[in-house]
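The values are calculated or read from the model by the stated rules, or taken from the named source; none is laboratory data. Keep in mind the model is a prediction, meaning the values are calculated, not measured. Counting neighbours? That spans all protein chains shown, and the Cβs are built from the backbone with ideal geometry, glycine included. Surface areas here come from the heavy atoms of the whole protein model, side chains and all, with no ligands, DNA or RNA. Shrake-Rupley method; radii C 1.70, N 1.55, O 1.52, S 1.80 Å.
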Amino acid sequence: MELRRFLAVLALAVIVLLLVVIWFSPSDRDFHTDNPSWNGVRKMMDGYAVSPLTSLSTLPVSPRGTALILIPYYDFVPAELEQLQSFVSRGGTLILADDYAHGNRVLEYLGLKVRFSGQALLDPLSNYKNKWLPVISRLEPDRLTDGVKALTFNHATALLGVETDNTLALSSQFSFLDLDGDGAWSQGEPTGPLPVISQHALDDGRLILISDPSLFINSMAGMEGNRQFIRNVAAIDATLLIDRSHLPSTDLRDSVKNLLAQARGYLATPVGTFGLVILALAFLLRPIWHR
Amino acid sequence: MKKLLVVISIIALGGVFLPGLVTLAQPLRTPHQNPAAAKESLDELTLMLYYTNVLGMAAAGQYEDARSLLDNLKLARIPGEMRFIIERYNAVSGQLFRQLDTGGASLDKALAMLSENRISEAEPGLEQADAAVREARSLLAELEAATDAIGEKLGVFAVPPANPLRQVYDRLKQGLEQPRHRLDELGRLRQFVDDRHEARSADLVPAELSLGITPTTAFVGDSVTARGWLGAGGKPLPERELSLVLNEQPLSITTGPDGSYVADLTLPYEYDPGLALYAEYVPAGADMNNYQAAKSPPVIIHTMFYPTRLEALAPAAVHPGLPVTISGRVSPGDGGVERTVSVRLDDTPLIEKEVRGDFSLELTLPAQTPPGDHTLTLLAAPRGRYAGAALGLPISASRLPVRASLPVPSIVLAPGTIRVNGQVHADGSPVKDARISLKLGNSSSVAKTSADGTFTASVSTPFDLSLTSTRGLVIAVEPAEAWYAPFEEARQIFAINMVNTGLLLAGLIWLGAVVYRRGRAAPARLRREAAAPPPPRPAPVFTGRKAGYKSDDTRGGILSAYLSGLAAIQGAAGIPMTPQTTLREFLDEATPRLPAVARPFALLTGMAETALYSARRPGETVAVSARRLADNIREELHGAP
């Protein structure tokens, strides 16, 4: 075998091997549904039969009885916002969990005045280990907070413009919004109690806002209050979905994995399948073609 | 090779930088930290600042707010070694504020009593204030000691005075002076009140006030007569205003010329078996300088009323939006007394109706009632001498399950249309006006059930280029009535794409035909060759000239002799020598048919091979021998050389 041909075959074999390894190795990215380590949401997926949603276009036609957890780490295109609005207005429950990302785009589109602050909520005293892990003890009675004594957040923010009637949870009096990012309270920075969870009726559906998506990660979901809260979230509706299309994805492995998933999806489409069939036929008929 | 290296380099660089571009599109803040690995820290500054604020509030007399702030500190995470001190600090601070509050409030109350000449009523307040101030002083001493301990634990004394921690600590220490000032104020106030109490006790004559009631037992709404006498030092106090207080409601009356008083009181519709009544005299005007206030011993009026008994039954399971009947009985109620019975679902009023004795109420749970356990509360309002009654009935709200017959084909052709003629029913009854939605991939349609619960809906199987596929058809039923539960069913349908399958079949048929033709062609040729010897063919043109050999050359001579012998052999054996046949193969094929010339032809073949392939040039004798062998072969086969 000549050298060039040998190198080509070797490279192809290595690429195939790498792709197989990537495909089967679990993710370690934030909020990933198949990430079993501390920053993934695998525990929730397994514990509460949460179904992953690869695209908002596949939301159910009849969303009554369906709740969708949305962690918007990527921005939305107008069609996606329209799909979300349709989902909520037709009776679905949207659980929008955001801290520093694109949650306000959804709120703007839905025409709500409430906003995610986008600034860090710190609590120097009522916390779990340090001020970045505030403990939320002021809970209003509701199905979502039933049996929950306190919640622990992780690098959270606060909600702005929430009516008292809509508020479900507030941070402690010691907490504050770190507007200047210096890690300490400065004159003029809003102090607690600040709303961190709220719910809003919207047409036939409802919207639940949580100012920290980290509540759902494996290392936080096991904490006592958080566990009960997630159990209550899972009991809101019969079907619980989580959107994967706006979750963080940063490393090459995830990118490749996504590409592979996309390729698989593309091959499952009519055009892709047709191309694959043609390719297979061409390969099979190659000897005849050469004659 | 260079091109390959360039391509690999570009891919590698892309792999390094592209993920970074994705990162740039994300928020810059850290979304979370691993709580298991998070470093513990206590914000000492915030803690001490908080205490300073608490003490400031207490100094301003806002004890309730100060205690509320201290309660919030229960939520604070304090490391183990500090926890005990902080908890004690909070407890002692809370007690101190309570005692300061109590002391101040008791003195204020005593002062107010004294201002109304209520000398005896002021005394308990003074004693209470004394106890509170004493306790507060001892608590303050404990608090100062605890503040020093906290400072030591936090290492405050090891830092320079300019350090923020030290400054906040100093502020906290200064803050502790404020409760001390407050205690001093209370001491001064106590002395003032005490002096005033002594002076009033000496200067004022105690008033006497009696109270009697007839009858002592009466129905609610009936009248009773209160009688009594007001005097001082054995002399009546005429034309004085006093209060009869029944169930915390005062009624002003005036004494007669002999100091006596009479008043008719209507008992309120309070269904309490014992109502307290007392008379109270507070000096006013010129009496302020002469008499102390007086309060009669309380008299208990035994009130009577008819108790009400409420009984009712409700179905254990009810359905939102669907009327339900509650039957019951309110008693006593047969005597023509109409009673108002109202029903509430949790906190929501549902119905109110006037009933007598047995009743039957038809009510409907709101459509938005969530499934689960609820309580229906029946209230019989009090009426006259009849007391009210309440009854709680536990019910369970649920929606009726809906069933649907959905004859969906399990195999369909695509592209095409799936038509579903189904029926929706619940507990045997048809469900009308229910919204039926079908979804198959990106294709969907909506229909509505008719009065008999039937519907016809169709959804197209969209065109795609797969050959066959399993597709999920989701059929959702949303009943119009609130008492029916939504229903959803998913069916798997096997779709065969006729176009693509046809194309593939055509390709396969073509492939099969090609293979079949090739398969048939080979055996036929073999059969033909085996059936009959082929007609003699002209020998291949193995001429010395064509092969490029010269006749005067030795090798050429040998080969010419071979060709001469070969031509005779081909003719006799009927076997042509094809171009791909080697000399040796031809020898092996031909000689079995011509054993007479086998040896000379074998020798001649050997000579020809030597001439063709040997590096050594054959000698002239070999060429002569070759020609002789060729002659022998021809002679043997044809009888002539």
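Taking only the stretch B:9-49 into account, find how many residues are at pLDDT 80 or above, out of contact with any Pro (no Cβ under 7 Å at 6 or more places or on another chain), assigned to a helix (DSSP H, G or I) and at the interface with chain A (Cβ under 7 Å from one of its Cβ atoms). Qualifying residue count for the region: 1.
Exactly one residue out of B:P349, B:P315 is within 42 Å of the chain's Cα centre (by Cα), within 30 Å of B:G221 (Cβ to Cβ), surrounded by fewer than 16 Cβ atoms within 10 Å (Cβ to Cβ) and not acidic (D, E), and it is B:P349. Residues of the stretch A:23-44 being polar (S, T, N, Q) and either away from every other protein chain (no Cβ under 12 Å) or over 14 Å from the mean Cα position of the chain (by Cα) (or both), which ones? A:S25, A:S27, A:T33, A:N35, A:S37, listed by residue number.
Table: residues versus (1) crowded, with 20+ Cβ neighbours inside 10 Å; (2) in contact with a Phe, Trp or Tyr (Cβ under 8 Å, 6 or more places away or on another chain).
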position: B:S260; (1), (2): no, yes
position: B:P268; (1), (2): no, no
position: B:G274; (1), (2): no, no
position: B:A293; (1), (2): yes, yes
position: B:E311; (1), (2): no, no
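In the set (1) modelled with pLDDT of 85 or more; (2) facing another protein chain (nearest Cβ under 7 Å), B:A66 fails one condition alone, (2). Among the residues of the stretch A:63-75, the ones that are away from every other protein chain (no Cβ under 13 Å) and within 26 Å of A:Q119 (Cα to Cα) come to 3 in all. When B:L100 is tested against (1) of a type in the set (A, V, I, L, M); (2) within 14 Å of chain A (Cβ to nearest Cβ); (3) open to solvent by less than 30 Å² (accessible area, probe 1.4 Å), exactly one condition is not met: (2). For A:V20, the criteria (1) away from every other protein chain (no Cβ under 12 Å); (2) under 29 Å from A:G222 (Cβ atoms) hold in every case but one, which is (2). Restricting the first member to the stretch B:504-528 and to residues that are within 11 Å of chain A (Cβ to nearest Cβ), and the second to residues that are at pLDDT below 80, the beta-carbon pairs closer than 7 Å and six or more apart or on different chains are B:L504/A:V277; B:L504/B:L467; B:G507/A:L281; B:L511/A:L285; B:V514/A:I288. Look at the stretch B:124-140: where a residue is of a type outside the set (S, T, N, Q) and a partner is open to solvent by 60 Å² or more (accessible area, probe 1.4 Å), sitting 6+ places away or on another chain with Cβ atoms under 8 Å, you get B:G125/B:K109; B:E135/B:Q95; B:L139/B:Q95; B:L140/B:R180. Taken together, the residues in the stretch A:145-166 that are surrounded by 21 or more Cβ atoms within 10 Å (Cβ to Cβ) and assigned to a strand (DSSP E or B) amount to 3.
Let's see how each residue does on (1) open to solvent by 20 Å² or more (accessible area, probe 1.4 Å); (2) in a strand (DSSP E or B):
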site	(1), (2)
B:E208	yes, yes
B:G221	yes, no
B:A226	no, yes
B:G231	no, yes
B:E239	yes, no
B:L244	no, yes
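Residues that are within 10 Å of chain B (Cβ to nearest Cβ) and more than 22 Å from the chain's Cα centre (by Cα) within the stretch A:116-142 comprise A:L122, A:D123, A:P124, A:L125, A:S126, A:N127, A:Y128, A:K129, A:N130, A:K131, A:S137, A:R138, listed in sequence order. Could you check the stretch A:121-144 and list, in sequence order, the residues that are of a type outside the set (F, W, Y), open to solvent by 10 Å² or more (accessible area, probe 1.4 Å), touching a residue at least 24 places away in the same chain (Cβ under 8 Å) and under 23 Å from B:S68 (Cα atoms)? Scanning the stretch A:121-144 gives A:K131, A:V135, A:S137, A:R138, A:L139, A:E140.
Condition check ((1) at pLDDT below 90; (2) surrounded by fewer than 19 Cβ atoms within 10 Å (Cβ to Cβ); (3) among the acidic types (D, E)) across all residues:
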{"site": "A:A11", "(1), (2), (3)": "yes, yes, no"}
{"site": "A:V16", "(1), (2), (3)": "yes, yes, no"}
{"site": "A:S27", "(1), (2), (3)": "yes, no, no"}
{"site": "A:D46", "(1), (2), (3)": "yes, yes, yes"}
{"site": "A:L70", "(1), (2), (3)": "no, no, no"}
{"site": "A:E80", "(1), (2), (3)": "no, no, yes"}
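Of the residues in the stretch A:202-215, not one is outside any helix (DSSP H, G or I), touching a Phe, Trp or Tyr at 6+ places or on another chain (Cβ under 8 Å), surrounded by fewer than 21 Cβ atoms within 10 Å (Cβ to Cβ) and at pLDDT 80 or above. The criterion of being modelled with pLDDT of 75 or more, aliphatic (A, V, I, L, M), surrounded by 13 or more Cβ atoms within 10 Å (Cβ to Cβ) and more than 23 Å from A:Y100 (Cα to Cα) does not hold for A:L285.
Of the residues making up the stretch A:118-143, those that are closer than 26 Å to A:L202 by Cβ, assigned to a loop (DSSP other than H, G, I, E, B) and in contact with a Phe, Trp or Tyr (Cβ under 9 Å, 6 or more places away or on another chain) number 2.
Scanning the stretch B:253-287 for residues that are touching a residue at least 40 places away in the same chain (Cβ under 8 Å), under 26 Å from B:G388 (Cβ atoms) and of a type outside the set (F, W, Y) turns up B:L265, B:T266, B:L267, B:P268, B:E270, B:L277. Of the residues B:G212, B:G187, the single one that is open to solvent by less than 60 Å² (accessible area, probe 1.4 Å) and without any contact (Cβ under 8 Å) to a residue 60 or more places away in the chain is B:G187.
Starting from residues that are within 11 Å of chain A (Cβ to nearest Cβ) and either at pLDDT 85 or above or open to solvent by 50 Å² or more (accessible area, probe 1.4 Å) (or both), keep the ones in the stretch B:488-501 and report whichever is farthest from B:S398 (Cα to Cα). Steps first, please.
Going residue by residue through the stretch B:488-501, those that are within 11 Å of chain A (Cβ to nearest Cβ) are B:488, B:490, B:497, B:499-501.
Filter once more, keeping what is either at pLDDT 85 or above or open to solvent by 50 Å² or more (accessible area, probe 1.4 Å) (or both): B:488, B:490, B:499.
Values: B:E488: 17, B:A490: 23, B:V499: 49 Å.
The selected residue is B:V499.
Considering only the stretch B:190-204, I want to know if a residue exists there that is surrounded by fewer than 19 Cβ atoms within 10 Å (Cβ to Cβ) and among the aliphatic types (A, V, I, L, M). Yes, that holds for at least one residue. Take the residues of the stretch B:116-129 that are of a type outside the set (A, V, I, L, M, F, W, C) and open to solvent by less than 50 Å² (accessible area, probe 1.4 Å): which is farthest from B:R196 (Cα to Cα)? Within the stretch B:116-129, the match that is farthest from B:R196 (Cα to Cα) is B:G125. Can you find a residue that is of a type in the set (A, V, I, L, M, F, W, C) and touching a Phe, Trp or Tyr at 6+ places or on another chain (Cβ under 7 Å) anywhere in the stretch A:46-54? Within the stretch A:46-54, not a single residue is of a type in the set (A, V, I, L, M, F, W, C) and touching a Phe, Trp or Tyr at 6+ places or on another chain (Cβ under 7 Å).
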